[in-house]
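Quick one: the structure is below, and I'll ask about it shortly.
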Amino acid sequence: MIRQILHILFVVSCAFQLVAQSSNELGLMSYVNVNKKFEKDWNLNLKIGNRQSLVRDLFGEYPQRGLENIRTDFSLFATQSIIFNQRIALGYITIIGDGETQHRLIQQYALVSKFDDFSLSQRVSVNQIWKKDEDLRFRLRYRIASSIPLNGQTINPSEFYLKVSNEFVNSWQGDTYDLEIRLAPFVGYGISKMHKVEIGLDYRINSFLVDSPTNRLWINLNWYVSL
Amino acid sequence: MLNRKGLIIFFPLFLFGICGFSQVKYEMEISVKEDQVPGNALKVIDNFNFNKKVKWYKEFGLDDTTYEAKTKYQGKKYSVEFSTEGSLEDVEIRTKEKSIPTPSLNKMGELLASRFSKYRLRKIQIQYLGDPNVMLTSIRSGKLLPGVVKNYEIVVVGKVDKSYKAIEFLFSEEGDLILSREIIERRQDHIEF
């Protein structure tokens with residue numbers, strides 16, 4: 001299993017290096033994700049995240065190195081089960097960065113299926129994004145993610161797991177359409193029943209349909225708190 | 001102070017609370033290697049002669065600890081459970097709803113309809129109890145031999161009091177309820193958000 005994790009990480013980093021003619025960025029991303037359960041299958045999800053750039057134009061003639069804060073996200077979601085393993089969510093995200101504030105409204109549907117040796121989540125979301133002096137942007141996203149315990153058939157405290165997700169983000173702004181593809185492998189650890197931490201890579205490529213692609217590779221750290 | 005009228009109202013409600021899903025199932029399991037499994041359990045599995053790899057787990061429940069061997073045989077998923085001393089406790093074989101005789105299924109359906117406002121059967125297993133050798137012959141022949149008990153263990157997910165729950169039911173072959181336990185599911189926030 002360790003060999004498979006290293007293989008995935010190697011493939012992602014190789015893919016990143018192969019597109020030297022395009023725009024490339026390496027950075028850090030970290031999120032704290034707090035989920036609180038209420039009665040009658042209501043949940044509240046609060047997420048705070050931060051992104052920092054490490055290197056811009058990584059393979060260019062003049063790469064820009066240095067830790068630079070890009071943005072901070074604050075999001076709040078209310079979710080409700082519609083059937084046992086299916087939930088709908090309404091959310092709001094505010095993103096502060098580059099001296100600007102961006103507002104997003106999210107509508108989301110998630111299906112989480114438990115199989116013998118792994119869990120699978122499929123998520124569809126629709127986003128509306130407002131930013132000053134820019135046209136309204138719409139996004140339609142589909143993400144599939146799998147969580148694989150590395151010991152036994154469920155994730156217990158003090159156990160590791162593997163998480164891999166793949167997401168397709170369609171974006172429309174005015175007459176412009178773009179597609180972003182994301183691939184994110186993680187290694188996670190169940191600290192306790194309530195806490196999980198993950199570290200991994202989040203690779204994103206966009207603007208490849210009509211232009212030079214933009215590649216971004218984030219070293220990602222997540223902390224999940226389930227209350 | 002409760003008067004007699006209050007007790008008449010209160011006591012049945014109290015009993016209803018107990019007779020609801022009062023038992024809870026929370027299990028933690030870890031993968032173990034063959035050399036960590038009791039010798040008796042290994043011998044029983046050898047006698048079964050499964051032709052696919054057998055995975056071993058040690059399960060820690062609220063009340064007990066067991067060893068479980070999981071494998072696939074003739075296209076079906078098998079789960080063989082042993083005590084910590086290696087005594088065979090039961091054999092469970094995954095099956096589908098259509099394998100349950102209609103009269104038994106109807107009886108189960110009536111009970112489930114009384115417990116849930118809506119539900120579906122998530123997992124169905126045939127459970128065999130009895131002497132290991134007789135059980136092995138019974139399973140291989142497909143005939144229920146004397147001394148072997150056949151039950152149905154069914155995980156049902158459904159709506160109870162405006163929230164969704166997963167409940168494990170154990171029914172007799174005739175469809176009579178033996179016990180039920182609410183399953184405490186692991187949180188999946190890390191793949192939903």
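What pairs from B:Lys25/B:Lys165; B:Lys25/B:Lys77; B:Lys107/B:Lys150 go past 19 Å between their alpha carbons? Don't skip to the answer; put the middle values down first.
Values: B:Lys25/B:Lys165 12 Å; B:Lys25/B:Lys77 21 Å; B:Lys107/B:Lys150 16 Å.
Violating the 19 Å limit, Cα to Cα: B:Lys25/B:Lys77.
Do the sum for the protein assembly as shown: with -39,500 (n - 2.57) for every DSSP H run of n ≥ 4, divided by all residues, what is the mean residue ellipticity at 222 nm, to the nearest 500 deg cm²/dmol? Walk me through the numbers on the way to the answer.
Numbers: 6 runs with 71 residues, N = 420.
For the protein assembly as shown, the value works out to -5000 deg cm²/dmol.
Same structure, new question: Which of the aspartates and glutamates could a cross-linker span from B:Lys162 if the Cα-Cα distance has to be under 19 Å and same-chain partners fewer than 8 positions apart are dropped?
Answer for B:Lys162, where 19 Å is the Cα cut-off: A:Glu39, A:Asp41, B:Glu182, B:Glu185, listed by chain and number.
May I ask for the equivalent-ellipsoid semi-axes of chain A, computed as the square root of five times each C-alpha gyration tensor eigenvalue and listed largest first in whole Å? Working shown, then result.
Working: eigenvalues 164, 110, 55 Å².
The equivalent ellipsoid of chain A has semi-axes of 29, 23, 17 Å.
Please quote Rg/Rh for the range A:121-220 to two decimal places, taking the Kirkwood radius as Rh and restricting both calculations to Cα atoms. Can you show the working numbers first?
Values: Rg = 16.9 Å, Rh = 15.5 Å.
Here Rg/Rh amounts to 1.09.
Taking only the C-alpha atoms, wrap a convex hull around the protein assembly as shown and report its volume per residue in Å³ as a whole number. Don't jump to the answer; show the numbers that get you there.
Values: hull volume 89.1 nm³, N = 420.
Taking the convex hull of the Cα positions in the protein assembly as shown, it is 212 Å³ per residue.
Separate question: What's the ranking of A:190-196, B:121-127 by average number of surrounding C-beta atoms within 10 Å, highest first? Intermediate values should be presented prior to the final figure.
Numbers: A:190-196: 16.1, B:121-127: 18.6.
Output ranking for A:190-196, B:121-127: B:121-127, A:190-196.
Also, quick follow-up: I'd like the projected area of the range B:51-193, averaged over all directions, using the convex hull of its alpha carbons. Report it in nm² with one decimal.
Numbers: hull surface 42.6 nm².
Taking the Cα atoms of the range B:51-193, their convex hull projects to 10.7 nm² on average.
Peptide B:177-189: average number of partner chain Cβ atoms within 10 Å per residue?
Values: counts 0, 0, 0, 0, 0, 0, 0, 1, 5, 10, 10, 13, 14.
Partner Cβ neighbours, averaged per residue: 4.
Run the dipole for the range A:118-227 about the Cα centre, Lys and Arg Cβ at +1, Asp and Glu Cβ at -1, nothing else charged, and hand back the magnitude in debye, nearest 20.
Details: 13 positive and 11 negative charges, 78 e Å.
I would put it at about 380 debye.
So, one more: Shielding of A:152-158 by partners, i.e. mean partner chain Cβ atoms within 10 Å per residue? Walk me through the numbers on the way to the answer.
Working: counts 10, 9, 6, 4, 6, 1, 1.
Going residue by residue through A:152-158 and averaging, the value is 5.
Now, a different point. So which of A:Lys131/A:Lys196; B:Lys33/B:Lys72; A:Lys196/B:Lys55 end up more than 24 Å apart, counting from Cα to Cα?
Details: A:Lys131/A:Lys196 33 Å; B:Lys33/B:Lys72 18 Å; A:Lys196/B:Lys55 26 Å.
Long pairs (Cα-Cα over 24 Å): A:Lys131/A:Lys196; A:Lys196/B:Lys55.
If you take the charge dipole of the range A:178-227 about its Cα centre, with +1 on Lys and Arg Cβ and -1 on Asp and Glu Cβ, which of A:Leu217, A:His195, A:Asn206 is farthest toward its positive end?
The listed residue farthest towards the positive side: A:His195.
To the nearest 20 debye, what charge dipole does chain A have about its Cα centre, counting +1 at the Cβ of each Lys and Arg and -1 at the Cβ of each Asp and Glu? Don't skip to the end; give the middle numbers.
On the way: 25 positive and 22 negative charges, 153 e Å.
Its charge dipole is roughly 740 debye.
Using Cα pairs closer than 8 Å and at least 6 residues apart in sequence, work out the relative contact order for the range B:38-145, in percent.
Once divided by the residue count of the range B:38-145, the mean separation gives 19 percent.
For the range B:89-131, just the Cα atoms, rotate onto the principal axes and tell me the three extents in Å, largest first.
Sorted largest first, the three principal extents are 38, 19, 16 Å.
Specify which residue in the list A:Ile144, A:Ser158, A:Trp172 is farthest towards the positive end of the charge dipole of the range A:142-186, using unit charges on the beta carbon of Lys, Arg (+1) and Asp, Glu (-1), about the Cα centre.
It is A:Ser158, whose Cα lies furthest towards the positive end.
Continuing with the same structure: Can you give the mean number of other chain Cβ atoms that lie within 10 Å of the Cβ atoms in peptide A:30-42? Walk me through the numbers on the way to the answer.
Working: counts 0, 1, 0, 4, 2, 6, 1, 3, 1, 3, 4, 5, 1.
Average neighbour count from other chains, rounded to a whole number: 2.
May I ask for the longest run of chain A untouched by GluC sites (Glu not before Pro) that are loop-located per DSSP and have at most 13 neighbouring C-beta atoms (other than their own) within 10 Å?
The reported range is A:135-227.
Relative to the Cα centre, what is the charge dipole magnitude of the range B:45-193, using +1 at the beta carbon of each Lys and Arg, -1 at the beta carbon of each Asp and Glu, and rounding to the nearest 20 debye?
Working: 26 positive and 23 negative charges, 195 e Å.
Rounded to the nearest 20 debye, it is 940 debye.
Since every read-out is calculated from the coordinates, none of them should be taken as a lab result. Remember, it's a predicted structure, so these values are computed and weren't measured experimentally. Cβ atoms come from the backbone with ideal geometry, glycine included; neighbour counts cover every protein chain shown.
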